[in-house]
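Peer 1: One structure, as structure tokens, below. Some questions next.
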Amino acid sequence: MKENGSRKQGAPSPCAACKLLRRRCAQDCVFAPYFPADEPQKFANVHKVFGASNVNKMLQELPEHQRGDAVSSMVYEANARVRDPVYGCVGAISSLQQQIDVLQTQLALAQAEVVHLRVRQTASFSNHGLSPASPTNSGSPSSKFMGSQARPIFDMDMMVDHTSLGLGESMWSC
């Protein structure tokens with residue numbers, strides 16, 4: 001039994017585009033280099049969004065060295081349109097932009113928290129008569145009050161009061 005009466009054995013299979021369009025794949029098929037037979041969904045999405053005729057026209061109007069990039073862009077846009085028929089790529093870009101905005105806000109809050117902690121630490125050192133550069137100042141008034149049971153200066157409460165910053169809770173909590 002022959003596999004395909006019209007095809008010779010060992011002949012290359014048609015590209016995904018010609019297979020989907022149910023036509024004979026010519027030797028000079030414009031789709032063949034970009035839509036191989038083993039990736040049928042790639043052309044199916046492009047065909048669904050742009051139409052085979054329009055893709056053919058676009059590819060033939062471009063120089064050969066730009067066709068690969070054009071096909072890559074069409075495949076990306078077609079896949080985005082299949083996932084999100086209304087917004088397509090713009091939806092993906094918008095989502096990424098929102099993520100950037102959220103991350104920039106989180107970064108600004110983290111930087112503000114660092115500044116707040118540094119200010120609070122500096123104020124704490126000055127309240128105890130210590131300089132931040134030398135936390136074990138033996139002549140300080142705090143060392144006289146502590147007596148022989150000296151506690152390290154870093155035992156102080158270093159928590160940020162997020163309610164005073166208008167944050168509600170720490171950005172690090174989940």
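Peer 1: Can you tell me how much longer the chain between residue 96 and residue 112 gets when fully stretched, taken as 0.36 nm per residue apart minus their C-alpha distance, in nm with one decimal? Working shown, then result.
Peer 2: On the way: separation 16, 0.36 × 16 = 5.76 nm, distance 2.43 nm.
Additional length available on full extension: 3.3 nm.
Peer 1: Would you mind getting me the FRET efficiency between residue 103 and residue 76? Use the beta-carbon distance for r and R0 = 22 Å, nearest 0.05. Walk me through the numbers on the way to the answer.
Peer 2: Details: r = 24 Å, r/R0 = 1.08.
With a Förster radius of 22 Å, E is 0.40.
Peer 1: Among 97-107, 111-121, how do they line up from the highest to the lowest mean number of other beta-carbon atoms within 10 Å?
Peer 2: Details: 97-107: 10.4, 111-121: 12.8.
So the peptides 97-107, 111-121, ranked by packing, come out 111-121, 97-107.
Peer 1: State, to one decimal in nm, how far the label point of residue 83 lies from the label point of residue 57, with both points 7 Å from Cα in the Cβ direction.
Peer 2: In this crude spin-label approximation the distance works out to 2.9 nm.
Peer 1: Above 17 angstrom, tally the Cα pairs of segment 16-83 and express them as a % of all pairs, no decimals. Let's see the in-between values first.
Peer 2: Values: 784 of 2278 pairs.
Cα-Cα pairs in segment 16-83 separated by more than 17 Å: 34 percent.
Peer 1: Something else now. What percentages make up the Cα-Cα pair-distance distribution of segment 56-108 when the bins are 10 Å wide from 0?
Peer 2: Histogramming segment 56-108 at 10 Å steps yields 23, 30, 27, 14, 5 percent.
Where a number appears in this text, it was derived from the coordinates with a stated rule and is not lab data. Being a predicted model, the structure only gives us computed values, none of them experimental. Ideal geometry is used to build each Cβ from the backbone, glycine not excepted, and the neighbour counts take in all protein chains shown.
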